[in-house]
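FYI, it's all coordinate maths here, none of it is from the lab. Owing to the predicted nature of the structure, the values given are computational and were not obtained by experimental measurement. Using ideal geometry, Cβ is built from the backbone for each residue, glycine included, and neighbour counts are taken over all protein chains shown.
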Amino acid sequence: MLKKLVGITSAVALTLGLAACGGEETSGTSETSSVGEQFDHTIVGIDPGAGIMNLTINEVVPEYGLEDWNIVEGSGAAMTAALKRAYDNEEPIIVTGWSPHWKFAAFDLKYLDDPKGVYGGAEDVHTIARQGLQEDHPEGYQLLDQFNWGPEHLETVMNLIQEGQNPSDAAAQWASENEELVSTWTEGVNEVDGEELTLLYVAWDDVIASSHVVEYALESIGFDVDLVQVDAGPMWAGIASGSGDAMVGAWLPTTHADYYAEYEGQFEDLGSNLTGTKLGLVVPAYMDVESIEDLVE
Ligand code: PBE
């Protein structure tokens, strides 16, 4: 059965539960159904502006010959909901996944091997500021420039949020338990009196967590932070146009390469705030598939 690669709206993502139910029997008859049929030729993606969607649709599909697969658009939250539903029923599912992310603590998952290296190696997450921020808000600029932590810290905040805390409370709790690290971000930074800063972020769980932690740190030295949730394209465009002051969720050099190139010269790259990310196609450990190459069998 040939399926066209189509952009499917998030409304369709809601029907994934049905699609997963349809695949229920195939897991028991895996000798007779192809790998593609087991998965209903469906990869559960996230928001279309995400770099991982761009890489999957424009590079992974042609490189591995997955033209008859559907890459379903949705959101990070719809992806994790579909993953949980399938996992709880031990049904087949493939998602676009990334680390650090709480799903690896909550579920037993594995990345499919990517022998062609399309998703790239480990990346850094960068802090990106609008031009002129240093002149207008030197203290905020300095703190943002000094913001740096490790995947294990980010994972702790993500897990707190996943366990039910709201992101602001999780950030405050984590900061109070990690005062020494947070003090390296505020070191030598003078307090301010209610200066306003706008941080832009996308609703990816890792970026939700990091953005709230940085908001907390900036507010601890007197900033009044407006945290604005947008899509990926508007996040980069907003920093380039100056409508947002900064963001802390730029995955480089691969994932956000297109956005970086599009707006180069219209933002200031403050460098890495975290190293050691990973991107790829992710399946539950109970699935008998090891490589993206296996999907074409
Ligand atoms: N992510 C999380 C983003 C960057 C951070 C991997 C979903 C993306 O694909 O653009």
* Asked: How long are the three semi-axes of the equivalent ellipsoid of the stretch 25-137, in whole Å, if each is the root of 5 times an eigenvalue of the C-alpha gyration tensor, listed from largest down?
  -> 32, 17, 13
* To do: Specify the angular offset, from 0 to 90 degrees and rounded to the nearest 10, of the alpha carbon long axis of helix 167-177 from the longest principal axis of the alpha carbons in the chain.
  => 60 degrees
* Asked: P(r) for the chain: what percent of alpha-carbon pairs falls in each 10 Å bin, starting at zero?
  -> 6, 28, 32, 20, 10, 3, 0
* Would you kindly calculate the mean projected area, averaged across all directions, of the convex hull enclosing the Cα atoms of the stretch 124-274, in square nanometres? => 7.9 nm²
* Asked: Over the Cα atoms of the stretch 101-194, how large are the radius of gyration and the largest Cα-Cα distance (Dmax), in Å?
  -> 17.2, 53
* Given the chain, what count of lysine pairs have C-alpha atoms under 19 Å apart, with each pair 8 or more places apart or on different chains? -> 5
* Structure fact -> Along the dipole axis of the chain (charges at Cβ: +1 for Lys and Arg, -1 for Asp and Glu; origin at the Cα centre), the most positive-end residue among Val225, Gln165, Thr254 is Thr254
* Mind listing the long-range amide H neighbours of Thr198? Cut-off is under 5 Å, sequence gap 5 or more, other chains count too, H placed in the peptide plane at 1.01 Å from N. => Asp226, Asp245, Ala246
* Count neighbours as other Cβ atoms within 10 Å of each site's Cβ, and list the GluC sites (Glu not before Pro) in the stretch 248-285 that are DSSP loop with at most 12 such neighbours. => Glu264
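Mind checking the dipole of the stretch 124-274: about its Cα centre, +1 per Lys or Arg Cβ, -1 per Asp or Glu Cβ, Debye to the nearest 20?
Numbers: 1 positive and 30 negative charges, 68 e Å.
That gives the stretch 124-274 a dipole magnitude of about 320 debye.
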* FRET efficiency, Ser272 to Glu37 (Cβ-Cβ, R0 51 Å, nearest 0.05) -> 0.75
* **Antiparallel bridge percentage (DSSP; both residues within the chain; nearest 5)** => 60 percent
* Structure fact -> A correct fewest-to-most ranking of Asp145, Asp124 by other Cβ atoms within 10 Å would be Asp124, Asp145
* Asked: Mind checking the dipole of the stretch 193-277: about its Cα centre, +1 per Lys or Arg Cβ, -1 per Asp or Glu Cβ, Debye to the nearest 20?
  -> 280 debye
* Candidates Glu59, Glu179, Glu123, ranked by Gaussian network fluctuation over the chain, Cα under 10 Å, top entry -> Glu179
* To do: May I ask for the angle, rounded to the nearest 10°, between helix 76-88 and the longest principal axis of the chain, with both axes built from Cα atoms and the value confined to 0 to 90°?
  => 40 degrees
* Asked: Roughly how many nanometres apart are two label points built 7 Å out from the Cα toward the Cβ at Asp169 and Tyr286?
  -> 3.2 nm
* Sticking with the crude label model, points 7 Å out along Cα→Cβ, report the distance from Glu179 to Gln134 in nm, one decimal please. => 3.2 nm
* **Tilt relative to the chain, helix 205-220 - C-alpha long axis, 0 to 90 degrees, to 10** => 10 degrees
* **Signed unit charges on C-beta, dipole axis of the chain, positive-most listed residue His137, Ala50, Val72** => Val72
